[in-house]
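One structure below.
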Amino acid sequence: MTTFVDRVELHVAAGNGGHGCASVHREKFKPLGGPDGGNGGRGGDVTLVVDQDITTLLDYHHSPHRKATNGQPGAGDNRSGKDGQDLVLPVPDGTVVLDRNGNVLADLVGQGTTFVAGQGGRGGLGNAALASARRKAPGFALLGEPGEARDVVLELKTVADVALVGYPSAGKSSLISVLSAAKPKIADYPFTTLVPNLGVVTAGSTVYTIADVPGLIPGASQGRGLGLEFLRHVERCSVLVHVLDTATLESDRDPVSDLDMIEEELKQYGGLEDRPRLVVLNKIDIPDGQDLADMIRPDLEARGYRVFEVSAVAHTGLKELSFALAGVIAEARAAKPVEVATRIVIRPKAVDDAGFTVTKEEDGLYRVRGEKPERWVRQTDFNNDEAVGYLADRLNRLGVEDGLMKAGARAGDGVAIGAEDNAVVFDWEPTMAAGAEMLGRRGEDHRLEAPRPAAQRRREREAERDEVQREFDDFDPF
């Protein structure tokens, strides 16, 4: 059963915002006491958070669909809906978030680093929040905004200081097991290691991590074998260590040609030219291995490599190698620029920035794009004429009608608000702002003008009493 997964496609969906409520306060002797509809709750976000205790993406391989909870709708008596609960997804340190086209969205390194993969939708305003001096009793409320839904790719790149690279069965797993407390699988056949192993090494006052990269063979950078799956794990390493097998039983291989092949694969993969290299001649406990190491060491040193002869079985040369790696890592850490806190840059919006654009497309359709108009459209209930009129007024105040006129739009031209796959299309009329006025003057509600039977009966009874009282006052028995 697979226990290590370093690449998954995750389908996230944030929670939808709750709808606002259109309600009118009612109590005895006060049947229309004003709007009291509450706001809808905010939808929950989907957030990725780095957790040092997580080392694999296995959970998301088995359950790739994740959704946050929706916000609750508002209610009468000015009761706002409950916000949706945020969904927090722990990911390993070194996880890269990409979209489906391969564009990097976030590089999550360091405990607690977060990235909002899906933004929850805003809750809709209730009619109590929409009331104003001109619109005293709105007969509508805004809809909740849909939560963001998208597909992201998670790729794990191991965060380690040292990467051990080499042919299968070169002894990388044995070496990491004796340098650290890691317990990888070790056997005498190729491709024993199917996942990167990570260990922690202490050399004097320096503590560093070491990882082995399995499956490097000729053609690995093009996808042959397992190399392409795990070459990404060397990208974050400060030092590359070539582990060469000096006791190979294959007649067509030797340590120098193995080194040249691995270097060619690293070159084809790219981005690793500036990493310092060390060479480890492993398995010198075998007589033929020691002889071969003595033969090729001068050639490797002539190329500029620092060479170490070790035996993972006999624990020979391990101390020298460990402290040499610690020295190289200390230099790399000292040369690394000091991380400074991210400066908060405030960029005020330009005075003439309306927040939207109007473009004319080839088919004659005028398309309006902008955060505000698109959000307002999503929150409008098009089954309510008053809500549509409110939308028209908001677009007019924002300057959309003026923008359409400047773009050359005429009455009857098609106008689309939003992206091509999710737009509201209508035939534009310059008098669109008067849509809600068919309902009456601004600030009035027909429900307030409609006859109320109880009030009418009360007025009739009062009129009858007044008439009886006048007759009694006018009565003169003499």
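Using the Cα atoms as the points, what is the convex hull volume per residue of segment 299-339 in Å³?
Numbers: hull volume 3.5 nm³, N = 41.
Looking at segment 299-339, the number lands at 85 Å³ per residue.
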(message) At 0.36 nm per residue, and after removing the present C-alpha to C-alpha distance, how many nm does the segment from Arg253 to Asp51 gain when stretched out fully?
(response) 68.5 nm
(request) Within segment 1-72, report the chymotrypsin sites (Phe, Trp or Tyr not before Pro) that DSSP leaves as loop and that have at most 13 other Cβ atoms within 10 Å. (result) Phe29
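Could you compute the FRET efficiency for Asp421 and His62, with r as their C-beta to C-beta distance and R0 at 25 Å, rounded to 0.05? The partial results should precede the final answer.
Values: r = 30 Å, r/R0 = 1.22.
Efficiency computed from Cβ-Cβ geometry: 0.25.
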(request) In nm, give the distance between the simple-model label positions of Asp260 and Asp413, each being 7 Å from the Cα along the Cα-to-Cβ direction. (result) 6.9 nm
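In what sequence, highest mean first, do 143-155, 167-179, 358-370 appear when ranked by Cβ atoms within 10 angstrom?
Numbers: 143-155: 20.3, 167-179: 23.1, 358-370: 14.5.
Most protected by this proxy first, the peptides run 167-179, 143-155, 358-370.
Please compute the alpha carbon radius of gyration of segment 1-114, then divide it by the globular-protein estimate 2.2 N^0.38 Å. Two decimals is fine. Please report the intermediate quantities before stating the final value.
Details: Rg = 20.9 Å, N = 114, 2.2 N^0.38 = 13.3 Å.
So segment 1-114 has a normalised radius of gyration of 1.57.
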(message) Please compute the contact order of segment 248-351 in relative form: average sequence separation of alpha-carbon pairs under 8 Å and at least six residues apart, divided by the residue count, as a percent.
(response) 19 percent
(request) Can you pull the one-decimal nm distance between simple spin-label points at His11 and Gln469, each 7 Å off the Cα toward Cβ? (result) 7.4 nm
(message) Starting from the 7 Å offset along Cα-to-Cβ, what nm value, one decimal, do you get for the label separation of Arg375 and Met295?
(response) 7.3 nm
(message) Please list, in order along segment 159-164, the HN-Hα scalar couplings obtained from phi with the Karplus expression 6.51 cos²θ - 1.76 cosθ + 1.60 (θ = phi - 60°), rounded to whole Hz, x for Gly and Pro.
(response) 8, 9, 7, 10, 10, 8
(message) I'd like the FRET efficiency for Lys349 and Leu32, computed as 1/(1 + (r/R0)^6) with the beta carbon distance as r and R0 of 45 Å, rounded to 0.05.
(response) 0.65
(message) Students often check this: by mean Cβ neighbours within 10 Å, which of 118-125, 284-291, 134-141 ranks highest, and how do the rest follow?
(response) 118-125, 134-141, 284-291
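Using a 1.4 angstrom probe, figure out how much accessible area segment 233-272 has per residue, in square angstrom, rounded to the nearest whole. Numbers along the way, then the final one.
Details: 1560 Å² over 40 residues.
I get 39 Å² per residue for this part.
The values are calculated or read from the model by the stated rules, or taken from the named source; none is laboratory data. Please read these numbers as outputs of a predicted model, since none were measured by experiment. Because the Cβ atoms are built from the backbone with ideal geometry, glycine has one as well, and the counts that use them run over all protein chains shown. We work out accessible area using only protein heavy atoms, side chains counted, and drop any ligands, DNA or RNA first. Shrake-Rupley method; radii C 1.70, N 1.55, O 1.52, S 1.80 Å.
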